[in-house]
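Notes follow once the structure below has been shown.
The values are calculated or read from the model by the stated rules, or taken from the named source; none is laboratory data. Since the model is a prediction, treat every value here as computed from it, not as a measurement. Because the Cβ atoms are built from the backbone with ideal geometry, glycine has one as well, and the counts that use them run over all protein chains shown. Ligands, DNA and RNA are excluded from the accessible area calculation, which covers all protein heavy atoms including side chains. Shrake-Rupley method; radii C 1.70, N 1.55, O 1.52, S 1.80 Å.
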Amino acid sequence: MGRGRRFAREVLEEPGVAAGAAGPCSRPHTPRLHCAAAGKKTACTGRHEASGCAAMKCVVVGGNVKVLGKAVHALSRIGDELYLEPTENGLSLRAVNSSRSAYACFLFAPLFFQLYEAGGPDAHGELFRCKILMKTFLAIFRSLPSLEKTVSKCLISLNPRASRLVVQLHCKYGVTKTHNLSFQECELLQAIFDKQLCTSTLCASARVLVDAVVHFPVTLAEVTLGVGPSGKVSLRNYVDEETEPSKTMVTELCLSEDEFQDVRVPQETQITFCLKEFRGLLSFAESSNLPLSIHFDTPGRPAVFSLEDPLLEVHLVLATLADSSASSQAQTANGACHKRVPDEDFAADDLESYMIAMETTTGDEGAEPPPSPTFPMRCPSPATALEAERSTLDSDKDEDEDGAVPGTPPQKKFRSLFFGSVLIQAQARAHPTPSQEVLAEDSEGEC
Amino acid sequence: MRFRAKILDVACLNHFTRVINTIAKLAKTCTLRLTPDKLYFILTDKVANGGVSMWCELSQGNFFDEFQMEGVAAEHNEIYLELTPENLSRALKTAQNAKTVKIKLTNKHCPCLTVAVELPSLASSSRIVTHDIPVAVIPRRLWNDFKEPSVPDFDVSIYLPVLKTMKSVVERMKNLSNSIVIEANLNGEMNLKIETDLVSVTTHFKDLGNPPWVSDGDSQNSTQDRDPETMAEARVDIKKLQQLLAGQQVNPTKALCNIVSKRIVHFILLHEDVYLQYFIPALA
């Protein structure tokens, strides 16, 4: 696994891989890859005809078929499209939700497969990647019990020249089900996050978290995870500001520190995130029996949920609510929140509410991410920014941050990003710090 | 006004949960009346309910190991709360293996019935789940609205058939018609009828038995004079009947209904220590 990672970095650090016609590929290959063109398991000489590049081929056998199926189920809770990318580190399956507030990535190491051929790069030196309708892919793995009972082998292959991704299930009694899926070429889907930057970590067995989450109704949208003094961990259903408090039932669960394998939370924090997307990962975690780690920071910064295993790495990145009313207690309890915030952005900020830099396009990337209804991509003009700041200064209570910012699309909590003085600072500099990003395309980062 | 109660016994907890689940199926919001000895779930016959009304009575001693309450005043030692039973049902749903369940009246952001469930856990300390269910306190001047309904002057009283059978019959009929006719006579015969343009279906039940009512005055005479073959009937909303039957998770000890011809059908279900009355008005 470590070796694979090293290669990945090398690959990514060579952004401008030589485009062009057939010729020796300039990118490094792991000798492990079976070069179909060569027809035998020799060390790769690095020479490939672009058109003769090996196609992707992965074979999953035995119990791993069900694991793959469960991964697809978990991803289906996130988004409508499955991004599939064979890399030298393994096969990655990713999904992102429409509001770009949730991103999940399952990376299956080559050892997970009975046979793993990532295939070579195409004429432009680009590795193959595609996206498929989630509905279609999920339909193949729909019934997990029948996957377990009847499917002995699953083959996923692609011929770059064909326009179909082939998923073939070899079942009992000599039955073979072949699915030819149409796909779309796509850009790299990569969330920027760094677990090392997160100040707080919780690690627990999936069972503990499943038992905790069962007390909340299935339809509950958001949940607040809090860590209090003496390591007490609480989960509470999040009640919208707009909902009448006298009409909503509030459920709170307290877990003690000893239920967790690891609690490293330097100070009291509360983060609010979407439960529905988390549940998908939880049910995968439960069946895999792996401990689940939660890495988080201050409210508004994304939380990373991960599972790790020699054969599989799973990451779920969820945006958290930058809700001043939820975090105000944490703030008044200790002003340390502010300490961690980079001075450059908040030096002039004297507003109580927690401000998070919005997701912006990074100037250095050529491509602008598509405008998202959730994270506005364009910086409002300085005039509106000032207006926003003024109106929020005027409001005493924790008013809807959305209301303070003119022109923001209505009512979706996780994009209630506050534009205030951050913007003015941001405009002052050429490129906002990339670490503020929650999601972006075409960017480097760890998966 | 104070209220605290605790359930320690698993069987009591399961039973209480079943009662709450039944109530939740019958009413979206209802009134909970607390007295030192009993709990009542009451639904009055407002137009919003479609004219149905409900009276459910439980003895607290059969469920709670501890029960303390202080009403609004010494001479009116009762508490009336309006709540959504579905919330209570949800809170109890995942509490079935709890060590203890405490219910108390609290004042958080608004008056709440707080259900605190202590669950077993692998760690040294138990896991606690609290549910704050918002309630509304009903002032004393409105208490008269929630009096126990009197048994109507019925034409026929009859024991119900096995509820499971009745439920499956009514469920299938629900697909065909919006209303159902319940008719019965003093010979222990009951029919459930639906009639539409395309089809009419009748299910006949026999040998059900008629409960012996001891009443005074004219009503007794009228039932005695009544021809045992004559059916008393009422046409009711089939959904209301189906809700009542669907809420019955266990077959009651006693189940009967009183029919006031073309006016109202009055159901009485007695399950061990829980006494439920449910009125469905006849459709015009």
Next item on the list: Among B:VAL151, B:PHE67, B:ASN107, pick out the residue whose Cα is farthest towards the positive end of the charge dipole of the stretch B:30-184, where Lys and Arg carry +1 and Asp and Glu carry -1 on C-beta, about the Cα centre.
Entry: B:ASN107
Notebook entry, point to check: Can you tell which of B:PHE16, B:SER53, B:ALA255 lies farthest toward the positive end of the dipole of chain B, using +1 and -1 charges on the Cβ of basic and acidic side chains (Lys, Arg; Asp, Glu)?
Noted result: B:PHE16
Next item on the list: Could you pull out every one of the lysines with an alpha carbon less than 25 Å from that of B:LYS38, ignoring same-chain neighbours closer than 8 positions?
Entry: B:LYS6, B:LYS25, B:LYS28, B:LYS46, B:LYS93, B:LYS99, B:LYS102, B:LYS104, B:LYS147, B:LYS254
Checklist line | Between helix B:163-174 and chain B: long-axis angle, C-alpha atoms, 0 to 90°, nearest 10 | finding: 70 degrees
Item checked: Ranked order, A:GLU242, B:GLU233, A:GLU259 - accessible area, probe 1.4 Å, largest first -> A:GLU242, B:GLU233, A:GLU259
Note to self: Could you sort B:LYS38, B:LYS206 by their accessible area in this structure, using a 1.4 Å probe and putting the largest first?
What the structure shows: B:LYS206, B:LYS38
Item checked: Inter-chain Cβ neighbour average for residues B:120-133, partner chain, 10 Å -> 6
Next item on the list: Just read off the accessible area of A:TYR83 with the full protein assembly in place, 1.4 Å probe, to the nearest 10 Å².
Entry: 20 Å²
Margin query: Given Cβ point charges of +1 (Lys, Arg) and -1 (Asp, Glu) and nothing else, what value in debye, to the nearest 20, does the dipole of the stretch B:156-281 about its Cα centre take?
Written below: 520 debye
Margin query: Give the lysines whose C-alpha is closer than 23 Å to that of A:LYS195, dropping any in the same chain fewer than 8 places away, or say none.
Written below: A:LYS232, A:LYS276, A:LYS339
Next item on the list: Using only protein heavy atoms and a 1.4 Å probe, report how much of A:ASP122 is accessible, in Å² to the nearest 10.
Entry: 70 Å²
Checklist line | Probe 1.4 Å, all protein chains present, accessible-area order of B:VAL72, A:VAL72, A:VAL250, largest first | finding: B:VAL72, A:VAL250, A:VAL72
Check: In straight Cα distance, which lysines are under 23 Å from A:LYS177, not counting same-chain residues fewer than 8 positions off?
Finding: A:LYS57, A:LYS66, A:LYS70, A:LYS131, A:LYS135, A:LYS149, A:LYS153
Checklist line | Between helix B:10-26 and chain B: long-axis angle, C-alpha atoms, 0 to 90°, nearest 10 | finding: 50 degrees
Notebook entry, point to check: Using unit Cβ charges (K, R positive; D, E negative) and no other charged atoms, how large, in debye to the nearest 20, is the dipole of the stretch B:2-146 about its Cα centre?
Noted result: 400 debye
Next item on the list: Could you tally the net charge around B:LEU113, taking each other residue with its Cβ under 12 Å from the Cβ of B:LEU113, Lys/Arg +1 and Asp/Glu -1?
Entry: +2
Notebook entry, point to check: If you take all C-alpha pairs in the stretch B:164-284, what percent of them are over 21 Å apart?
Noted result: 39 percent
Notebook entry, point to check: Just the projected area, averaged over all directions, of the convex hull on the alpha carbon atoms of chain B: how many nm²?
Noted result: 17.6 nm²
Margin query: Given Cβ point charges of +1 (Lys, Arg) and -1 (Asp, Glu) and nothing else, what value in debye, to the nearest 20, does the dipole of the stretch A:109-225 about its Cα centre take?
Written below: 600 debye
Notebook entry, point to check: What does the accessible area of B:LYS254 come to, in Å² to the nearest 10, when a probe of 1.4 Å is used?
Noted result: 100 Å²
